[in-house]
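Accompanying notes for the structure given below.
The values are calculated or read from the model by the stated rules, or taken from the named source; none is laboratory data. These numbers come from a predicted model, not from an experiment. Using ideal geometry, Cβ is built from the backbone for each residue, glycine included, and neighbour counts are taken over all protein chains shown.
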Amino acid sequence: MSDQKCKTCRRAGEKLFLKGEKCFTPKCIFEKRPSPPGKALSERKHRSNLTEYGIQLKEKQKLRNVYGLSEKQFRRYVKEAGNETSGSPVEHLFERLERRLDNVVYRLGLAQSRTQARQMVSHGHIMVGKRKLTIPSYQVKKGEIVSVREGSRTSPLFTAAKEKMGKHPIPNWIAADALKLSAEVKGSPKYDKNELGFNFQSVIEFYSR
């Protein structure tokens with residue numbers, strides 16, 4: 001039986017890369033069974049005939065699952081983004097999601113997936129400045145240094161971390177130092193709809209109903 005992450009991708013109708021490197025291999029279940037689990041053939045054929053609400057719901061579920069958030073957490077981020085007095089809710093939502101500590105660890109290439117990054121943070125492997133933080137939702141700030149805790153660097157989790165960081169594409173708002181297994185937050189994440197596979201505006205509209 002395929003696990004829940006694979007079923008999530010099949011429901012979304014596309015790969016969300018929730019299992020990291022395994023999603024790029026022939027073992028990826030989505031490659032073998034891309035249709036939604038438990039759906040009759042007739043339902044699958046009409047999958048593209050979604051209403052506007054259905055499209056918005058699908059985008060919301062995709063984004064929430066990619067960042068690994070509960071509905072309560074995700075709804076709070078959307079509400080906070082909408083309460084900002086300047087800028088667009090889309091930009092503020094994107095920034096809040098990207099500034100999560102677990103996401104930064106993932107963006108650095110230290111983890112294969114955001115799920116693994118969340119575990120690294122929760123288990124005390126990650127430092128922010130001189131503090132060990134175990135809160136995956138912590139919002140990193142400009143000027144802060146994110147690094148692997150000294151005592152964790154010999155862990156099997158990080159044996160190939162330097163090599164991975166050196167090859168991993170890292171956002172330009174983060175300055176990484178692969179040799180030190182650390183990175184400095186240099187600025188703010190910038191939303192660019194042309195670089196992302198999600199419709200953030202549909203998500204905002206879903207919660208505005």
- Query: Can you name the helices (runs of 4 or more DSSP H) wholly within the stretch 42-141 that have at least 3 residues being polar (S, T, N, Q), in contact with a Cys (Cβ under 7 Å, 6 or more places away or on another chain) and more than 28 Å from Ala161 (Cα to Cα)?
  - Reply: none
- How many residues are in contact with a His (Cβ under 9 Å, 6 or more places away or on another chain) and under 20 Å from Thr115 (Cβ atoms) if we restrict to the stretch 154-209? 3
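Identify the residue in the stretch 146-173 that is assigned to a loop (DSSP other than H, G, I, E, B) and of a type in the set (D, E, K, R) and, among all such residues, is modelled with the highest pLDDT.
Among those that are assigned to a loop (DSSP other than H, G, I, E, B) and of a type in the set (D, E, K, R), it is Arg149.
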- Message: Cβ contacts < 6 Å: first residue closer than 13 Å to Met120 by Cα, restricted to the stretch 143-168; second residue of a type in the set (Val, Ile, Thr), any location; separation 6+ or different chain. Result?
- Response: Val146/Val104; Val146/Val128; Phe158/Val148
- Message: Can you tell me how many residues within the stretch 177-186 are part of a strand (DSSP E or B) and either closer than 15 Å to His125 by Cβ or modelled with pLDDT under 95 (or both)?
- Response: 3
- Query: Of all residues in the stretch 187-209, which are modelled with pLDDT of 90 or more, in the same structural domain as Ser88 (by TED's automatic domain parsing) and either charged (D, E, K, R) or in contact with a strand residue (DSSP E or B) (Cβ under 8 Å, 6 or more places away or on another chain) (or both)?
  - Reply: Glu205
